[in-house]
Amino acid sequence: MRFARLMTLALAALGLTMTLPAAAQEPSGAEATPEAADAAIDVPEGWSLVWHDEFDGDAIDESSWTYDLGAGGWGNGEAQHYTNRPENARIEDGMLVIEARQERYMGSYYTSARLKTEGLREFQYGRIEARVRVPAGRGLWPAFWMLGSNIREVGWPDCGEIDIMEYIGREPDLILGTIHGPGYSGALGLSKWNRQEYDIADDFHTYAIEWDENQITWFYDGDEYSTYTRADVGERDWPFDQPFFIILNLALGGQFPGPIGLDVVFPTQYVVDYVRVFQSAST
């Protein structure tokens, strides 16, 4: 997601966590059990379900998700102030809704939300998958991505970043899959795009990676479209051999997606049907 780089590193240096608990709630996420991993969940052949959130409870599960909070551009010149208010992140009709709003809030003109599993659910290798519907409009930047769990010790980009899905509203038929690491970060990140013949925001789609110690492969609606391997980074470090945590967020404006368009109808929603993590059944 080209990360909230400056903000996260600055707060980490001050010893701040950027984490606030949600209100008391009925959990919606679950550890995988024989009861939870029922016939309703399609487990790919050769994989075992190790964690999932179907967002079918009454509130966001605080045992799985926490928030990044605040404004300041997030290292990318973004316009939103991230909050943990239900106006910006909530469970609705069995789905997670991340809602961007045009409003005055603590010195900003836009609000949104950024949820993460940092310190709660962290994963090394496997198939990481989500079914989501992105919002339409120039300047919108929804993402489904991961950061290395050692970010507070080594910083970004040494921790590594895996962008499972990035969508920028000015390219309505395009999604991106990217990795960032030391020597290949920001504009130099290793990225491949996947273009369709329709507007991606018109419907739900499934985004996934399959990740092991030597490579990461990207999928869109079950079809493989990109792979990066250790060999692709050359002599540079490959930081993707450690635990990572998951992030879901909706950013607005900034250097990457560009200005917020007049065509954007607020409030606008990034809707997540589920997030699932599978690991090899042979391990």
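Here's the yes/no breakdown for (1) touching a strand residue (DSSP E or B) at 6+ places or on another chain (Cβ under 7 Å); (2) crowded, with 19+ Cβ neighbours inside 10 Å; (3) basic (Lys, Arg):
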{"site": "164", "(1), (2), (3)": "yes, yes, no"}
{"site": "177", "(1), (2), (3)": "yes, yes, no"}
{"site": "181", "(1), (2), (3)": "no, yes, no"}
{"site": "191", "(1), (2), (3)": "yes, no, no"}
{"site": "204", "(1), (2), (3)": "yes, no, no"}
{"site": "222", "(1), (2), (3)": "yes, no, no"}
{"site": "227", "(1), (2), (3)": "yes, no, no"}
{"site": "244", "(1), (2), (3)": "yes, yes, no"}
query = So which of 281, 208, 231, 251 is of a type in the set (A, V, I, L, M, F, W, C), exposed (fewer than 14 other Cβ atoms within 10 Å of the Cβ) and in contact with an Asp or Glu (Cβ under 9 Å, 6 or more places away or on another chain)?
reply = 281
task = Six or more apart or on different chains, Cβ under 6 Å: which pairs go from a residue in the stretch 138-151 that's more than 22 Å from residue 266 (Cβ to Cβ) to one that's of a type in the set (D, E, K, R) and surrounded by 23 or more Cβ atoms within 10 Å (Cβ to Cβ)? Could you list them?
result = 145/163; 147/161
ask   = If residue 114 passes every condition in (1) under 20 Å from residue 156 (Cβ atoms); (2) in contact with a helix residue (DSSP H, G or I) (Cβ under 9 Å, 6 or more places away or on another chain); (3) in contact (Cβ under 8 Å) with a residue 60 or more places away in the chain but one, which one does it miss?
value = (2)
query = Any idea which residue in the stretch 122-154 is surrounded by the most Cβ atoms within 10 Å (Cβ to Cβ), counting only those that are assigned to a helix (DSSP H, G or I) and not hydrophobic (A, V, I, L, M, F, W, C)?
reply = 152
ask   = Among the listed residues 184, 228, 220, 270, which satisfies the condition of being touching a residue at least 24 places away in the same chain (Cβ under 8 Å), in contact with a helix residue (DSSP H, G or I) (Cβ under 7 Å, 6 or more places away or on another chain) and either of a type in the set (Ser, Thr, Tyr) or under 15 Å from residue 142 (Cβ atoms) (or both)?
value = 184
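Laboratory data are not the source of any read-out in this text; all were calculated from the coordinates shown. Keep in mind it's a predicted model, so treat the numbers as computed, not measured. Here Cβ is always computed from backbone atoms with ideal geometry, including for glycine, and neighbour counts include all displayed protein chains.
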